[in-house]
1. What about Val63, is it farther than 28 Å from Asp141 by Cα, open to solvent by less than 80 Å² (accessible area, probe 1.4 Å) and either more than 17 Å from the chain's Cα centre (by Cα) or among the hydroxyl-bearing types (Ser, Thr, Tyr) (or both)?
2. Within 20 Å of Leu202 (Cα to Cα), modelled with pLDDT under 85 and β-branched (Val, Ile, Thr): does that describe Val120?
3. Give Asp185, Asp147 a once-over and let me know the one that is in a helix (DSSP H, G or I), open to solvent by 40 Å² or more (accessible area, probe 1.4 Å) and at pLDDT 85 or above.
4. How many residues does segment 1-57 contain that are surrounded by 12 or more Cβ atoms within 10 Å (Cβ to Cβ), part of a loop (DSSP other than H, G, I, E, B) and either of a type in the set (Asp, Glu) or in contact (Cβ under 8 Å) with a residue 40 or more places away in the chain (or both)?
5. Looking only at segment 70-85, decide whether some residue is open to solvent by 80 Å² or more (accessible area, probe 1.4 Å) and among the β-branched types (Val, Ile, Thr).
6. So Ile200 passes all but one of these: (1) under 26 Å from Val66 (Cβ atoms); (2) surrounded by fewer than 11 Cβ atoms within 10 Å (Cβ to Cβ); (3) modelled with pLDDT under 80. Which condition number does it fail?
Amino acid sequence: MTGQLRADAKRNRDQILAAARELLVNQGVGVPMEEIARHAGVGVGTLYRRFPDRVALLRALSVHTVEHMTELARSALRTEPDAWSALSHFVRECVALRLGALRSIVDPQLHTALHQSDEVRSARKELLRIVEQMIITAQADGSMRTDVGVVDVAMLVSLHLKRPFDVPGTMPEELDARLTQLMLDGLRPASASPLPGKPIALADVDWHGDR
């Protein structure tokens with residue numbers, strides 16, 4: 001019986017997080033908690049027992065999303081033939097699934113509060129560590145330009161997910177695919193224009209005092 005209760009609790013939590021992510025990305029962070037509960041197919045009381053306020057929900061959603069991205073990165077490294085293919089596959093999946101889009105709709109103050117969480121920061125560092133491994137390996141074998149770092153790639157993906165406006169008559173998936181290919185082509189070494197400054201590595205990132 002205890003095992004069944006745990007399974008039900010996990011299922012409810014996963015349903016809430018999936019519903020929250022879909023609604024928040026599509027409607028903004030102000031979507032009512034009651035609507036999230038309804039979309040998840042659970043009672044409002046169940047939602048509030050899991051997540052007592054909106055910040056707690058957003059914090060859990062941030063960790064859940066980053067962990068999903070981390071598993072996609074690991075899977076790409078296992079299944080793709082080389083580091084560049086793994087990075088390309090990972091980026092395309094993140095864009096197609098709109099993973100990371102949550103960051104673009106959260107105001108800067110709330111974003112800072114969320115990412116001061118040890119759990120969020122730890123999950124994000126592990127993801128970036130794996131992506132940096134892909135980048136370093138791809139650069140070493142000559143398949144990726146050497147004057148970019150993991151932060152450059154993370155920022156490019158984040159900016160790409162921001163869709164500032166819709167283009168009438170154009171399928172969003174088609175536009176995403178076009179822009180993703182442009183972004184990936186810009187990371188290739190052929191005909192690359194010199195970049196100002198130097199690439200930012202994972203070790204250079206200010207983790208809000210966590211050094």
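1. No, not satisfied.
2. yes
3. Just a single option satisfies the conditions, and that option is Asp185.
4. Residues that pass the stated criteria total 1.
5. Yes; the residues of segment 70-85 include at least one that is open to solvent by 80 Å² or more (accessible area, probe 1.4 Å) and among the β-branched types (Val, Ile, Thr).
6. Among (1) under 26 Å from Val66 (Cβ atoms); (2) surrounded by fewer than 11 Cβ atoms within 10 Å (Cβ to Cβ); (3) modelled with pLDDT under 80, the lone unmet condition for Ile200 is (2).
The values are calculated or read from the model by the stated rules, or taken from the named source; none is laboratory data. Nothing here was measured: the structure is a model prediction, and the numbers come from that model. In this analysis, Cβ positions are derived from the backbone assuming ideal geometry, glycine residues included, and neighbour counts consider all displayed protein chains. What goes into the accessible areas is simple: the full protein's heavy atoms, side chains included, and nothing from ligands, DNA or RNA. Shrake-Rupley method; radii C 1.70, N 1.55, O 1.52, S 1.80 Å.
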